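Report on the structure given below.
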Number of protein chains: 2
Amino acid sequence: MNLERKWKDQLYQEFARIGKCLSSPKRLELIDLLAQGPKSVDQLSKATGMSIANVSQHLQTLHESRLVRFNKKGNFVIYEVAELSVADFMVSLHRLSEKQLVEIQRLKTDILQHHASMEPISLEVLMERMERGEVLLLDVRPEDEYVMGHIPGAISIPIGELEKHLATLPVNKEIVAYCRGPYCLMSAQAVEILKSKGIKASRIEEGVHEWKRYVEHSNKSTQGKASYINN
Amino acid sequence: MNLERKWKDQLYQEFARIGKCLSSPKRLELIDLLAQGPKSVDQLSKATGMSIANVSQHLQTLHESRLVRFNKKGNFVIYEVAELSVADFMVSLHRLSEKQLVEIQRLKTDILQHHASMEPISLEVLMERMERGEVLLLDVRPEDEYVMGHIPGAISIPIGELEKHLATLPVNKEIVAYCRGPYCLMSAQAVEILKSKGIKASRIEEGVHEWKRYVEHSNKSTQGKASYINN
DNA sequence: CAACTATTCAATTGTTTTGTTGAATAGTTA
DNA sequence: TAACTATTCAACAAAACAATTGAATAGTTG
């Protein structure tokens, strides 16, 4: 066979290794979870509803393609995305999928109808109102994910502890909640809780990675890189 | 089962439909080819070395996920990428893959050694020297791909016709060739030809889509969108 | 209309992948 | 050291996939 042909075959074989990682729903969910912060196999198993052995296997596949890495902490094996660019790539994949597959758009609107009428506000609107001090931005993800990185100005109250902390919230500001991103329901749940207590609240659908891409694409002129990661 | 779980399963199922398209080497190669311009099944079959039936089948998979579309022209079925964002997404995938998989980097350097020492120059250097009128930029892809869209200022001489057109090239300028992108060998072949005729030549490894991303990320401040597509 | 072309369809084969189970390993705690 | 925990490994069955072949379709040309 032609040498060039052989070279291309090898090359695309390699690209397909990354592709294969993206071909299983469960694996995609794992990457999305890890994009928010390191997690143990056990945590991932609980979050995705898969058996531990199954999670372990998927993680190995991901590891072979260098999309995730791990280090052992005592008894646990803690996995994380191998690079920040993996998280960024997932945003690309989500964008493309949502653009091309009407089904995804449908699923998204369906669930929001189910969760009362909870249309997200846009990042642009949020930024504006935050600058004017009108809103308090709430990160409702688990605290360790907040610590890994969050939208500047946000405070952390994990969804499970929201009811406890209601008293500490300022009464003169509207609350805007966010969570892992457009396919995470925690921020919607938070708004539901807040509204049920008579607190004015809304949500954005973006998570940290979507936000990051947003600022990189809007104020390109200002500076090189936002330093929102505490590592 | 939990409603939220069920929703997520459906959602990730959909994402995985896009992922599945990316899990086969041949399918990736097809998308890359189509990203350069519309092609018939037969053309794709020749370009990839696959059987026609096989190509048709892959194209159907891609079509089900809305990554490609087609229209019939006489006896032929002409496929193309469904959206420009598909091509852009492929650049993301290439970037990520090349970053994570050393194997790809190795394959790339290997082939270039094989093709004499033909290190590409950077886009930045190219732009600078083009502005100073020092270089002539040569698009060596098939002409229809050039017509679909090209780097501004480039002229089209398909690789197969390069030898014929040697006389028409200006003698006072250095030639810089480009082709489909980092995984296409045509620009390297062009440089080889030119050098063998005593013409000073080099190449960039970027193609149209990589170039587009480059300008979008560098002069973000200037304007919204480069209008390099002739449609 | 007949011959021809490009493409798709359908059936088949062998291969890969998925999820499951239960056992094995490595590390921790009492 | 014994009991325990978290994770991985190995083996298996079921399902999904890729490539091949030959027939079927739709369109064109003489």
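The values are calculated or read from the model by the stated rules, or taken from the named source; none is laboratory data. Remember, it's a predicted structure, so these values are computed and weren't measured experimentally. FYI the Cβ positions are ideal-geometry reconstructions off the backbone, even for glycines, and counts take in every protein chain you see. For accessibility, only protein heavy atoms count, side chains too; no ligands or nucleic acids. Shrake-Rupley method; radii C 1.70, N 1.55, O 1.52, S 1.80 Å.
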- open to solvent by 20 Å² or more (accessible area, probe 1.4 Å) and of a type in the set (A, V, I, L, M), is that true of residue A:35? no
- Restricting region B:99-108 to residues that are without any contact (Cβ under 8 Å) to a residue 12 or more places away in the chain and more than 7 Å from chain A (Cβ to nearest Cβ), the residue that is nearest to the chain's Cα centre (by Cα): B:105
- Message: Cβ contacts < 6 Å: first residue open to solvent by 50 Å² or more (accessible area, probe 1.4 Å), restricted to region B:203-221; second residue modelled with pLDDT under 90, any location; separation 6+ or different chain. Result?
- Response: B:220/A:220; B:221/A:221
- Query: Of everything in region B:23-32 that's within 7 Å of another protein chain (Cβ to nearest Cβ) and touching a Lys or Arg at 6+ places or on another chain (Cβ under 8 Å), which residue is surrounded by the most Cβ atoms within 10 Å (Cβ to Cβ)?
  - Reply: B:29
- Query: Does residue A:41 satisfy the criteria of being more than 13 Å from chain B (Cβ to nearest Cβ) and among the hydrophobic types (A, V, I, L, M, F, W, C)?
  - Reply: yes
- Message: Against the definition (out of contact with any helix residue (DSSP H, G or I) (no Cβ under 8 Å at 6 or more places or on another chain) and surrounded by fewer than 20 Cβ atoms within 10 Å (Cβ to Cβ)), how does residue B:163 come out, yes or no?
- Response: no
- Task: Sort out which residues of region B:9-21 are within 10 Å of DNA strand D (Cβ to nearest atom), hydrophobic (A, V, I, L, M, F, W, C) and within 7 Å of chain A (Cβ to nearest Cβ), and write them in order of number.
- Result: B:16
- Query: Got a sec? Which of A:166, A:162, A:136 is modelled with pLDDT under 95, among the aliphatic types (A, V, I, L, M) and more than 19 Å from the chain's Cα centre (by Cα)?
  - Reply: A:166
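Can you pull out the residues in region A:59-91 that are outside any strand (DSSP E or B), within 13 Å of DNA strand D (Cβ to nearest atom), of a type in the set (A, V, I, L, M) and in contact (Cβ under 8 Å) with a residue 40 or more places away in the chain?
Once the filter is applied, which keeps residues that are outside any strand (DSSP E or B), within 13 Å of DNA strand D (Cβ to nearest atom), of a type in the set (A, V, I, L, M) and in contact (Cβ under 8 Å) with a residue 40 or more places away in the chain, region A:59-91 yields only A:62.
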- Message: For region A:44-58, give me the residue count where each residue is buried (at least 18 other Cβ atoms within 10 Å of the Cβ) and either more than 13 Å from DNA strand C (Cβ to nearest atom) or outside any helix (DSSP H, G or I) (or both).
- Response: 0
- Please give the number of the condition residue A:111 fails out of (1) facing another protein chain (nearest Cβ under 9 Å); (2) open to solvent by less than 20 Å² (accessible area, probe 1.4 Å); (3) in contact with a Ser or Thr (Cβ under 9 Å, 6 or more places away or on another chain). (3)
- Selection within region A:64-88 - open to solvent by 10 Å² or more (accessible area, probe 1.4 Å) and at the interface with chain B (Cβ under 7 Å from one of its Cβ atoms): A:66, A:82, A:83, A:85
- Query: Do we find a residue being more than 24 Å from residue B:83 (Cβ to Cβ), under 18 Å from the mean Cα position of the chain (by Cα) and modelled with pLDDT of 90 or more anywhere in region B:211-219?
  - Reply: no
- Which ones in region A:10-39 are over 17 Å from the mean Cα position of the chain (by Cα) and either more than 10 Å from DNA strand C (Cβ to nearest atom) or not hydrophobic (A, V, I, L, M, F, W, C) (or both)? A:10, A:11, A:12, A:13, A:14, A:15, A:17, A:18, A:19, A:20, A:23, A:24
- Query: Just wondering, is there one or more residues in region A:124-141 that are of a type outside the set (Ser, Thr, Tyr), under 28 Å from residue B:12 (Cα atoms) and open to solvent by 70 Å² or more (accessible area, probe 1.4 Å)?
  - Reply: yes
- Query: In region A:23-41, is there at least one residue being assigned to a helix (DSSP H, G or I) and near DNA strand D (Cβ under 8 Å from one of its atoms)?
  - Reply: yes
